[in-house]
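The values are calculated or read from the model by the stated rules, or taken from the named source; none is laboratory data. Predicted, not measured: the structure shown is a model, and the values here were computed from it. Cβ placement follows ideal geometry from the backbone for every residue including glycine, while neighbour counts extend to all protein chains displayed.
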């Protein structure tokens, strides 16, 4: 991908804002960003919850282990009170394989659920 890391980070923030505004009921999911990039988002309280941050950390590890490059990461900036920002997160990855991204999300969800017990 020819765009720089700042462009991808800003797109990740925009993706998190979009997921927060329009897909808030969906806890976690994936969407095609471009032909070669997938966005993974979570409405899981990234800044508020250790669980959410552990889930994202594990997901990032699995993305790297699969040989996929992380393009950008961002959190939502929609709340009028900035202390409420960061509930929704988005991770953009360098793959056009939506099914692979969905499998990584399921794996991360199971892993973090089991480690919460």
- What tally of residues in the stretch 104-115 results from selecting those that are within 15 Å of the chain's Cα centre (by Cα) and either under 14 Å from residue 41 (Cα atoms) or without any contact (Cβ under 8 Å) to a residue 24 or more places away in the chain (or both)? 5
- Query: Do the conditions hold for residue 101, that is, is it surrounded by 18 or more Cβ atoms within 10 Å (Cβ to Cβ), out of contact with any helix residue (DSSP H, G or I) (no Cβ under 8 Å at 6 or more places or on another chain) and either free of Cβ contacts under 8 Å to residues at least 12 places away in the same chain or assigned to a helix (DSSP H, G or I) (or both)?
  - Reply: yes
- Examine the stretch 7-20 for a residue that is exposed (fewer than 13 other Cβ atoms within 10 Å of the Cβ) and at negative phi, and state whether such a residue exists. no
- Message: Of the conditions (1) touching a residue at least 40 places away in the same chain (Cβ under 8 Å); (2) under 20 Å from residue 97 (Cα atoms); (3) surrounded by fewer than 21 Cβ atoms within 10 Å (Cβ to Cβ), residue 42 satisfies every one except a single condition; which number is it?
- Response: (3)
- Task: Could you figure out which of (1) in contact with a helix residue (DSSP H, G or I) (Cβ under 8 Å, 6 or more places away or on another chain); (2) modelled with pLDDT under 90; (3) assigned to a helix (DSSP H, G or I) isn't true of residue 110?
- Result: (1)
- Hey, can you tell me all the residues within the stretch 86-98 that are assigned to a loop (DSSP other than H, G, I, E, B) and either more than 12 Å from the chain's Cα centre (by Cα) or at positive phi (or both)? 86, 94, 95, 96, 97
- Message: Please verify whether residue 72 is under 21 Å from residue 5 (Cα atoms) and either surrounded by 14 or more Cβ atoms within 10 Å (Cβ to Cβ) or in contact (Cβ under 8 Å) with a residue 60 or more places away in the chain (or both), treating the condition exactly as stated.
- Response: yes
- Message: Quick check on residue 83: is it over 19 Å from residue 107 (Cα atoms) and either within 11 Å of the chain's Cα centre (by Cα) or modelled with pLDDT under 95 (or both)?
- Response: yes
